[in-house]
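Visitor: If you scroll down you'll find the structure; I have some questions about it.
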Amino acid sequence: ETLKQKSVKKIIVNCPHCFNTLKKEYRDFGLELEVKHHSQVIGELLRTGRLKLTKPLSEKITLHDSCYIGRINDVFEEPRFVIQSANKDGAYVEMSRSGRKSFCCGAGGSTYWYEVRRTDRESVIRLREAVETGASILAVECPYCMQMFADAARVTGVDQSLKIKDIAEIVAESI
């Protein structure tokens with residue numbers, strides 16, 4: 001009701017879960033919105049030249065495809081374009097399971113709250129896949145993924161060698 005009253009036509013979100021809910025489920029309530037994930041907006045700004053990156057990073061980066069951005073809403077190209085734009089020489093590497101074959105961080109199934117052995121947590125399994133790439137940055141596009149991987153990095157002791165960053169942080173460091 002509030003969005004209708006305020007005549008909101010477009011919403012930009014950094015949360016893939018909100019992206020999916022606003023884009024798909026709010027239609028059931030008669031609300032038609034243009035919903036964009038921040039990776040899409042940043043990608044548009046880069047492609048049109050409205051955002052210029054003058055200090056590209058030189059670290060190897062890998063990307064975790066968020067379930068609700070990637071597999072559920074088919075947004076794969078923009079996050080990669082954004083990361084590669086912010087990275088000198090395009091030092092980007094895919095994980096063994098990426099894109100449509102990506103693997104959940106565990107937040108979507110609420111495994112953060114379950115009593116699961118630390119080494120068996122989905123976030124730890126996925127973090128190992130990121131470490132195997134040799135990347136020093138794991139790029140994420142979801143605050144839940146960020147939390148899951150930060151915890152997994154702390155628990156496994158890789159928090160000193162692998163930085164977990166939202167793609168917007170990577171871009172901000174490259175401006």
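The values are calculated or read from the model by the stated rules, or taken from the named source; none is laboratory data. This structure is a prediction, so every number in the text was calculated from the model and none was measured. With ideal geometry, Cβ positions are generated from the backbone for all residues, glycine too; neighbour counts draw on all protein chains shown.
Matching residues to (1) within 15 Å of the chain's Cα centre (by Cα); (2) of a type in the set (D, E, K, R); (3) surrounded by fewer than 19 Cβ atoms within 10 Å (Cβ to Cβ):
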| position | (1), (2), (3) |
| --- | --- |
| Y26 | no, no, yes |
| L33 | no, no, yes |
| K36 | yes, yes, no |
| R47 | no, yes, yes |
| D65 | yes, yes, no |
| E78 | yes, yes, no |
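Visitor: In addition: Among the residues of the stretch 24-51, what is the count of those that are part of a strand (DSSP E or B) and over 24 Å from A130 (Cβ atoms)?
Guide: 3
Visitor: Scan the stretch 18-34 and give yes if some residue there is touching a residue at least 60 places away in the same chain (Cβ under 8 Å) and within 15 Å of P79 (Cβ to Cβ), otherwise no.
Guide: Checked against the condition, which is being touching a residue at least 60 places away in the same chain (Cβ under 8 Å) and within 15 Å of P79 (Cβ to Cβ), the stretch 18-34 yields no hits at all.
Visitor: Of all residues in the stretch 129-175, count the ones that are crowded, with 17+ Cβ neighbours inside 10 Å and part of a loop (DSSP other than H, G, I, E, B).
Guide: Adding up the residues that qualify gives 6.
Visitor: Looking only at the stretch 5-18, which residues are part of a helix (DSSP H, G or I) and touching a helix residue (DSSP H, G or I) at 6+ places or on another chain (Cβ under 9 Å)?
Guide: Residues satisfying the conditions are P16, H17.
Visitor: Only one residue in E34, E44, E59 is among the acidic types (D, E) and within 14 Å of I83 (Cβ to Cβ). Which one?
Guide: E59
Visitor: Based on what the data block shows, is I83 part of a helix (DSSP H, G or I), among the aliphatic types (A, V, I, L, M) and at pLDDT 90 or above?
Guide: Yes.
Visitor: Could you tell me which residue of the stretch 86-109 is nearest to N20 (Cα to Cα), considering only residues that are in contact (Cβ under 8 Å) with a residue 40 or more places away in the chain and of a type outside the set (A, V, I, L, M, F, W, C)?
Guide: G108
Visitor: Out of T54, T62, T21, I need the residue that is assigned to a loop (DSSP other than H, G, I, E, B) and modelled with pLDDT of 90 or more. Which one?
Guide: Within the list T54, T62, T21, the selection yields T54.
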